[in-house]
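Everything on this sheet refers to the single structure shown next.
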Amino acid sequence: MIEFKNISKKFKDRYILNNFNLKVPQGSKTLLYGKSGIGKTTIFRILLGFTQPDEGEIFFKEEKINAKNIWDLRKETAYLGQELDVLEGTVQDIINNILSYKVNENISFDKNKIIKLMNYFQLEENVLEKDYQTLSGGEKQRILISIFSFLNKKIYLLDEITSSLDKDMKNKVIDYFLSKEEWTVISISHDHEWLSKDGIKIIELGGNNNGTNN
Amino acid sequence: MEPTTDISLLSLLTVYLLLFVPIIISYLFNLKITKETIISTVRMTVQLFIMSIILIYLFRFDNKWINMGWLTFMISFAAFRVVGSSDLNVRRFIWPIFLSLFISNFLAIFYFNFVILRLDNAFTVRYFVIIGGMLLGNALNGNIIGIRNFYKDILRNNERYLFALGNGATVYEAVLPYFRNALITALKPTIASMATIGIVSLPGMMTGQILGGSPPQTAIKYQIAIMIAILMSVSLSVTLTIFFTMRSSFNEYGILKEDVFKS
């Protein structure tokens, strides 16, 4: 579904990604693992067209990604970055706002379903009325996970989404994503809970063999 | 009513004596604004003297085309002020800002003169240039705040913007929160001053009219009209500027171009 071919990206004359290759079949689960500052987040940024690689190409559904089809890719992605303060208002406002995007026009607000998901991730029902900015990091992560699970996207780009959760919740979230067969998941994480799961392809990044695909 | 008492040149000199107060205070507390104060005072004096000479001639000719030309000149000057004070890239922004200021100001002044005042000669300098200038001057700050905030906010909250794009939003959907904020911050000062006008402040236009001999009941009606026209003009020009500039400020991937701001 997605293929990175020989992607390199320099930042001030230093390679943060060097000859990175990765094939992501539909429905697969991939973990990008490794210490921070080695360009893991850059992989998402390049994929989503936020920045252009210095070398290499990315293919989406066999087609080279360009300024035109990047918009088709973004319609299918859920992008949960490290920065959590990306939303404003009550949780309900946030859901309404995201549902107002044209890409989500066929999805209608289903309170029961959302509450069920939120309960599953141990959020209280009244969280919908709460001001998102006042919530803790772990609550924000669980809210974003619930909302985007509800949206049922095709591709999930998850950047450290389990970082503020306790051990049990980390496992619960990871198992949840792994259980969704139709979702294509690429996750960036330092959490070793991801490592011990079956059915996940682990790509270790860092050092000189930066981005080698095994 | 008798005409306003003139200030003789000698009296005008005594006005400048008042400057000693801020200058002494600046010296005492080391505010380092003495030089700036003097430069600004000189600029103000020169600009207003020139303006008075221009106005004398504008009144003498009172020609429709000259008046429109003069207002257009003032609008282009204002456009440079907006771009300059917003730290935006002049080449990229000057035309869209000029165009949106032009449209919103001409619309406001036409409505004012044709619909509200129902003048026989709406282009006469007394109404066209004077009220036009008044509207423009008051709309200027709103425009500066609105346009600067829009682009600065996207840059400052870049992650929030990218979050929306990465989740399938179009550029328009992704900028909507910034657009709202820009308009709110641009309009708030005018809305707030409308609420206190007459209690804590007597606005300049009204004061001027009363000094000039107009009855207060006429002056307040003009003031009401001008405030509402300003609100209309600011909201329209900020909206238009953002729409006119958006197309060229984002690249094909929907990312804000780096040269939007002055380097």
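The values are calculated or read from the model by the stated rules, or taken from the named source; none is laboratory data. Small disclaimer: the values here were computed from a predicted structure and weren't measured. Note that we place each Cβ from the backbone using ideal geometry, even for glycine, and neighbour counts take in every protein chain shown.
In summary, helices (runs of 4 or more DSSP H) completely within the stretch B:144-263 and bearing 1 or more residues that are within 14 Å of chain A (Cβ to nearest Cβ) and surrounded by 15 or more Cβ atoms within 10 Å (Cβ to Cβ) occur at B:158-166, B:171-196. The set of residues from the stretch A:73-87 being in contact with an Asp or Glu (Cβ under 9 Å, 6 or more places away or on another chain) and not polar (S, T, N, Q) comprises A:TYR79, A:LEU80, A:GLY81, A:GLU83, A:ASP85, A:VAL86, A:LEU87. More than 30 Å from B:PHE243 (Cα to Cα) and among the aliphatic types (A, V, I, L, M) - does that describe any residue in the stretch B:72-94? No, that holds for no residue. Scan the stretch A:11-44 for residues that are more than 15 Å from A:PHE177 (Cβ to Cβ) and of a type in the set (A, V, I, L, M) and the total you get is 5.
Looking at A:ASP72, is it part of a helix (DSSP H, G or I), more than 15 Å from A:SER149 (Cβ to Cβ) and within 14 Å of chain B (Cβ to nearest Cβ)? Against the criterion (part of a helix (DSSP H, G or I), more than 15 Å from A:SER149 (Cβ to Cβ) and within 14 Å of chain B (Cβ to nearest Cβ)), A:ASP72 qualifies. Would you check if B:ALA225 is within 30 Å of B:GLU252 (Cβ to Cβ) and either touching a residue at least 12 places away in the same chain (Cβ under 8 Å) or touching a helix residue (DSSP H, G or I) at 6+ places or on another chain (Cβ under 8 Å) (or both)? Against the criterion (within 30 Å of B:GLU252 (Cβ to Cβ) and either touching a residue at least 12 places away in the same chain (Cβ under 8 Å) or touching a helix residue (DSSP H, G or I) at 6+ places or on another chain (Cβ under 8 Å) (or both)), B:ALA225 does not qualify. All told, A:LYS172 falls short of being of a type in the set (Lys, Arg) and free of Cβ contacts under 8 Å to residues at least 24 places away in the same chain. Residues of the stretch A:1-27 that are closer than 14 Å to A:VAL185 by Cβ and crowded, with 16+ Cβ neighbours inside 10 Å: A:MET1, A:ILE2, A:LEU22, A:VAL24.
May I ask you to list the residues in the stretch B:109-166 that are of a type in the set (Lys, Arg) and closer than 20 Å to B:LYS257 by Cβ? Residues satisfying the conditions are B:ARG148, B:LYS152, B:ARG156, B:ARG160. Cβ-Cβ contacts under 9 Å between residues 6 or more apart (or on different chains), taken from a first residue in the stretch B:170-181 that is in contact (Cβ under 8 Å) with a residue 24 or more places away in the chain to a second residue that is in a helix (DSSP H, G or I) and of a type in the set (Ser, Thr, Tyr), are listed as B:ALA174/B:TYR161; B:VAL175/B:TYR161; B:TYR178/B:TYR151; B:TYR178/B:TYR161; B:PHE179/B:TYR172; B:PHE179/B:THR239. Tell me, yes or no, whether the stretch B:3-11 has at least one residue that is in contact with a strand residue (DSSP E or B) (Cβ under 8 Å, 6 or more places away or on another chain) and either under 30 Å from B:ASP153 (Cβ atoms) or not acidic (Asp, Glu) (or both). No, the stretch B:3-11 contains no residue that is in contact with a strand residue (DSSP E or B) (Cβ under 8 Å, 6 or more places away or on another chain) and either under 30 Å from B:ASP153 (Cβ atoms) or not acidic (Asp, Glu) (or both). I want to confirm something. Restricting to the stretch B:1-38 and keeping residues that are acidic (Asp, Glu) and outside any helix (DSSP H, G or I), which single residue is farthest from the chain's Cα centre (by Cα)? Per the criteria, the residue is B:GLU2. Taking every residue in the stretch A:56-69 that is within 11 Å of chain B (Cβ to nearest Cβ) and among the small types (Gly, Ala, Ser) and pairing it with any residue that is exposed (fewer than 14 other Cβ atoms within 10 Å of the Cβ) and assigned to a strand (DSSP E or B), at least 6 positions away or on another chain, yields no pair with a Cβ-Cβ distance below 9 Å. Residues considered: A:GLY39, A:GLY81. Of these, the only one that is buried (at least 16 other Cβ atoms within 10 Å of the Cβ) and at positive phi is A:GLY39.
Scanning the stretch A:75-90 for residues that are within 20 Å of A:ASN104 (Cα to Cα) and touching a Leu at 6+ places or on another chain (Cβ under 9 Å), we see that the one that is farthest from the other protein chains (Cβ to nearest Cβ) is A:THR90.
Restricted to helices (runs of 4 or more DSSP H) entirely inside the stretch A:93-209, those with at least 3 residues that are under 14 Å from the mean Cα position of the chain (by Cα) and either away from chain B (no Cβ under 14 Å) or surrounded by 19 or more Cβ atoms within 10 Å (Cβ to Cβ) (or both) are A:137-151, A:167-179. The set of residues from the stretch B:56-98 being over 14 Å from the mean Cα position of the chain (by Cα), surrounded by 17 or more Cβ atoms within 10 Å (Cβ to Cβ) and aliphatic (A, V, I, L, M) comprises B:LEU58, B:LEU88, B:ILE94.
Table: residues versus (1) among the aromatic types (Phe, Trp, Tyr); (2) not assigned by TED's automatic domain parsing to the domain that holds B:LEU256.
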residue: B:ASN30; (1), (2): no, yes
residue: B:ILE33; (1), (2): no, yes
residue: B:ILE38; (1), (2): no, yes
residue: B:LEU71; (1), (2): no, no
residue: B:MET74; (1), (2): no, no
residue: B:ARG81; (1), (2): no, no
residue: B:PHE106; (1), (2): yes, no
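Restricted to the stretch A:16-54, and to residues there that are assigned to a strand (DSSP E or B) and of a type in the set (Lys, Arg), the residue that is farthest from the other protein chains (Cβ to nearest Cβ) is A:LYS23.
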